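Visitor: I am attaching a structure below and will ask some questions about it afterwards.
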């Protein structure tokens, strides 16, 4: 059987510190839109249970090139010499990925695909860079809370016996949580684990960043799992939280209530890959 | 660090090579990673170990088994014989890159068990470091079965990692405690309280974090610096 993709290891960015895998269709393309996938949290670029490997290969089988890479200091990429780390460092690295794809592959624009912190990074870059032609944000953590979200949340909690137990122990747990938040993180020999942390996106920031992207005509796919109930817990919550998105033909949202946050279940992983691949091909197939 | 693909197509493997940063670099080290759900949390520890050893004058290569990590193939392609072949291929590649004649194998969990089994068949192996090897495959299967979601009555899904029925059979037969030849094992690192092999003074117990155990959904495991010190000490002599 002939492979439906080819893969090449690449190094790019400042002093070629960034390490990535370029997955392309066997027969091309020489130009068009490329997808970019980077680390969720501190998970290496292969993704949880190789989610990113699978997604990149599926996209290539459908004619779309993908660069998946490690941010500075994560996976197999070296730490950047500059001070920028965390979200700011991620922005620089994503722009470097974009430049690399333009310069070496003739890519005419990038669609950023990211889960959790990577969705945060993708949105930050997509809001301001003209190179960004699309965004797939999976479990973006932001202020999506609505009245229905709160009602749903408490209705579900009321149905669980552990909630009643928690109610009794809450003061102790709250004190411990506060203590954890205030204490300096224990050093474990390297600060890498903090590279993947991003803040919760305030609604107005989210609105402004999406506006930057949508005003350029770039489409966005939101995917939400049921794994972060505090963040998102019902179909259509996005439209209730940000009503202006409802009418936009550029915005689509999918809720996968049974999937966990990191999609560490094969069937949900496959469903996610299918959802994203279909969307990318539908949106960029003619340009990919 | 240089990333490379090696091995014959279509069985191409991903390698990450850290050349020695000091000294003449006479020795090479091949790192044999854990399998499946233990691979991801351990990645940072193994990368850190590779860099520390390179800093101390060793040429170090990490690699992903066929069907895992950044290598080609699907997880259902994995089997213990195939992983043993990959170790052999890795040794060949590592020696060629390093221009060395001898290689150390450092393995973690299933990677350690396989390194121990591969060593007697590879003449260039100078010594082996076992880090919490899986001693008894049947017990290991019992341990992970609790987390397995059975697909099609055949394949186990363990946190998104597939374990085929043939590989389960191979794991069930894995017994390091009855392995005939462990003479090349020079260091056995075993977490305190866990069962170990009776290999005398080369056994070192350690406490603290287990690097293959994930902290939360997105966290890698903390670095077990005490263990890395033991490995440095042995291999930098």
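Visitor: How many residues are at pLDDT 95 or above and surrounded by fewer than 16 Cβ atoms within 10 Å (Cβ to Cβ) when one looks only at segment A:84-101?
Guide: 1
Visitor: Turning to a different aspect of this structure: Being away from chain A (no Cβ under 14 Å), at pLDDT 95 or above, closer than 22 Å to residue B:68 by Cα and surrounded by fewer than 18 Cβ atoms within 10 Å (Cβ to Cβ) is the requirement here; does residue B:172 meet it?
Guide: Yes.
Visitor: OK, next. Return the pair list, or none, for Cβ contacts closer than 6 Å from residues in segment B:2-19 that are farther than 15 Å from residue B:70 by Cβ to residues that are buried (at least 17 other Cβ atoms within 10 Å of the Cβ), at least 6 apart or on different chains.
Guide: That search, which allows pairs on different chains as well, returns B:18/B:1; B:18/B:50; B:18/B:54; B:18/B:60; B:19/B:59.
Visitor: Taking residue B:227 as the residue in question, decide whether it is in a helix (DSSP H, G or I) and within 14 Å of chain A (Cβ to nearest Cβ).
Guide: yes
Visitor: Kindly indicate whether residue B:159 is at positive phi, within 14 Å of another protein chain (Cβ to nearest Cβ) and surrounded by 17 or more Cβ atoms within 10 Å (Cβ to Cβ).
Guide: Criteria met by residue B:159.
Visitor: Residue A:109 fails exactly one of the following numbered conditions: (1) within 14 Å of another protein chain (Cβ to nearest Cβ); (2) closer than 23 Å to residue A:216 by Cα; (3) touching a strand residue (DSSP E or B) at 6+ places or on another chain (Cβ under 7 Å). What is the number of that condition?
Guide: (1)
Visitor: Is it fair to say residue A:142 is modelled with pLDDT under 75 and under 30 Å from residue A:96 (Cβ atoms)? Spell out how you get there, then give the answer.
Guide: Details: modelled with pLDDT under 75: no; under 30 Å from residue A:96 (Cβ atoms): yes.
Judged against the criteria, residue A:142 is not a match.
Visitor: What are the residues in segment A:62-78 that are within 14 Å of chain B (Cβ to nearest Cβ) and over 15 Å from the mean Cα position of the chain (by Cα), if any?
Guide: Those that are within 14 Å of chain B (Cβ to nearest Cβ) and over 15 Å from the mean Cα position of the chain (by Cα): A:72, A:73, A:74, A:75, A:76, A:77, A:78.
Visitor: Would you check if residue A:228 is surrounded by 17 or more Cβ atoms within 10 Å (Cβ to Cβ) and touching a helix residue (DSSP H, G or I) at 6+ places or on another chain (Cβ under 8 Å)?
Guide: Taking the combined requirement at face value, the residue does not satisfy it.
Visitor: Please find, among B:112, B:98, the residue that is touching a strand residue (DSSP E or B) at 6+ places or on another chain (Cβ under 8 Å), farther than 20 Å from residue B:43 by Cα and touching a residue at least 60 places away in the same chain (Cβ under 8 Å).
Guide: Among B:112, B:98, only B:98 is touching a strand residue (DSSP E or B) at 6+ places or on another chain (Cβ under 8 Å), farther than 20 Å from residue B:43 by Cα and touching a residue at least 60 places away in the same chain (Cβ under 8 Å).
Visitor: How many of the residues making up segment A:36-53 are more than 9 Å from every other protein chain (Cβ to nearest Cβ) and farther than 22 Å from residue B:223 by Cα?
Guide: 4
Visitor: Go over the candidates A:75, A:41 one by one and state the one that is assigned to a loop (DSSP other than H, G, I, E, B) and buried (at least 24 other Cβ atoms within 10 Å of the Cβ).
Guide: A:75
Visitor: To continue, here is another question. In segment B:98-117, which residues are more than 11 Å from the chain's Cα centre (by Cα), crowded, with 18+ Cβ neighbours inside 10 Å and more than 17 Å from residue B:167 (Cβ to Cβ)?
Guide: B:98, B:100, B:103, B:104
Visitor: Quick check on my filter: what residues within segment A:112-152 are part of a strand (DSSP E or B) and within 14 Å of chain B (Cβ to nearest Cβ)?
Guide: A:114, A:115, A:138
Visitor: Tell me whether segment A:245-258 contains one or more residues that are in contact (Cβ under 8 Å) with a residue 24 or more places away in the chain, part of a helix (DSSP H, G or I) and in contact with a helix residue (DSSP H, G or I) (Cβ under 8 Å, 6 or more places away or on another chain).
Guide: Within segment A:245-258 (the criterion being in contact (Cβ under 8 Å) with a residue 24 or more places away in the chain, part of a helix (DSSP H, G or I) and in contact with a helix residue (DSSP H, G or I) (Cβ under 8 Å, 6 or more places away or on another chain)), the answer is yes, since at least one residue qualifies.
Visitor: For segment B:185-231, enumerate the residues that are closer than 23 Å to residue B:121 by Cβ, surrounded by fewer than 17 Cβ atoms within 10 Å (Cβ to Cβ) and touching a helix residue (DSSP H, G or I) at 6+ places or on another chain (Cβ under 7 Å).
Guide: Hit for segment B:185-231 is B:186, nothing else.
Visitor: Any chance you could count how many residues in segment B:1-54 are more than 12 Å from chain A (Cβ to nearest Cβ) and on the phi > 0 side of the Ramachandran plot?
Guide: The qualifying residues number 3.
Visitor: Let me ask something else about it. Would you pick out the residues in segment A:1-21 that are assigned to a loop (DSSP other than H, G, I, E, B), touching a helix residue (DSSP H, G or I) at 6+ places or on another chain (Cβ under 7 Å) and buried (at least 19 other Cβ atoms within 10 Å of the Cβ)?
Guide: The first filter runs over segment A:1-21 and keeps only residues assigned to a loop (DSSP other than H, G, I, E, B), leaving A:1-4, A:13, A:17.
Within this subset, residues satisfying the condition of being touching a helix residue (DSSP H, G or I) at 6+ places or on another chain (Cβ under 7 Å) are A:4, A:13.
Scanning segment A:1-21 gives a single hit, A:13.
Visitor: Moving to a separate point now. Taking residue A:81 as the residue in question, decide whether it is part of a loop (DSSP other than H, G, I, E, B), away from chain B (no Cβ under 12 Å) and surrounded by fewer than 22 Cβ atoms within 10 Å (Cβ to Cβ).
Guide: yes
Visitor: If you take the residues in segment A:22-35 that are more than 11 Å from every other protein chain (Cβ to nearest Cβ), closer than 21 Å to residue A:93 by Cα and in contact with a helix residue (DSSP H, G or I) (Cβ under 7 Å, 6 or more places away or on another chain), which one is surrounded by the most Cβ atoms within 10 Å (Cβ to Cβ)?
Guide: If we take residues in segment A:22-35 being more than 11 Å from every other protein chain (Cβ to nearest Cβ), closer than 21 Å to residue A:93 by Cα and in contact with a helix residue (DSSP H, G or I) (Cβ under 7 Å, 6 or more places away or on another chain), then A:34 is surrounded by the most Cβ atoms within 10 Å (Cβ to Cβ).
The values are calculated or read from the model by the stated rules, or taken from the named source; none is laboratory data. This one's a predicted model, so the numbers in the text were calculated from it and none came from an experiment. Quick reminder, even Gly has a Cβ in these numbers, built from the backbone with ideal geometry, and neighbours come from all protein chains shown.
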